[in-house]
Amino acid sequence: MANFLGLREVEKTAYFIDGANLYKAARNIGFDIDYKSLLAKSQEACQLIRASYYTAIQEDREQDYSPLRPLVDWLDYNGYTMVTKITREFVDQQGRKRYKGSTDVELVVDMMQLSERLDHLVLFSGNGDFRRAIEAIQAKGVRVTVVSTVKSSPPMASDELRRQADSFIDLADLEKVIGRTGGPARKPRQSTEEFDDDYEDEFEDDFEEID
């Protein structure tokens with residue numbers, strides 16, 4: 001991919017990564033993202049102002065540990081700006097313990113504030129709830145790229161968000177560019193559930209591993 005993510009050398013650019021949504025998209029098409037490579041390629045291709053990663057974290061109250069913590073710590077020490085929130089515990093209708101958390105508000109607020117200094121904003125999410133925020137940012141003259149996928153089952157990218165963005169890049173097309181190598185092959189997960197823009201990670205086993 002000669003023109004990585006449509007980045008331009010002269011543009012001040014920022015990344016906003018919806019961690020849970022991006023991880024689910026990558027998992028559903030069967031590969032893991034190499035965040036070190038993503039950052040390095042981006043810094044070479046544009047004036048990258050910031051790369052922010054947003055996620056809710058389930059902390060084990062007894063052990064004070066989250067399965068997501070190794071990834072969060074690695075990203076924090078390797079050039080990413082981390083925005084995290086502790087999940088809320090609840091019991092569903094079947095009596096099972098679940099965890100709920102969202103950093104969508106924080107992501108939108110940060111996008112709106114930083115957009116004053118940007119030429120290009122890249123949103124790694126398919127959540128259609130971000131469409132209105134993207135529209136408002138475009139009204140300021142900022143170019144917006146959305147990275148998600150429609151090649152998973154179900155598609156992870158909202159049609160409304162895709163139409164609103166100046167450009168859409170399918171995550172599946174980036175596997176050879178920012179996919180992790182050296183690990184075991186992963187198969188896409190199949191699902192018959194309809195895509196829900198209000199996706200909330202249930203924080204069971206859906207955590208990334210890092211080297």
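Laboratory data are not the source of any read-out in this text; all were calculated from the coordinates shown. Everything numeric in this text was worked out from a predicted model, so none of it was measured. No Cβ is skipped: glycine too gets one built from the backbone with ideal geometry, and neighbour counts run over all protein chains shown.
Once you've got the Cα coordinates, tell me which of Lys36/Lys140; Lys41/Lys151; Lys36/Lys85; Lys12/Lys176; Lys140/Lys176 are over 28 Å apart.
Long pairs (Cα-Cα over 28 Å): Lys36/Lys140; Lys140/Lys176.
What ranking, highest mean first, results for peptides 15-22, 127-134 when packing means the other Cβ atoms within 10 Å averaged over each residue?
15-22, 127-134
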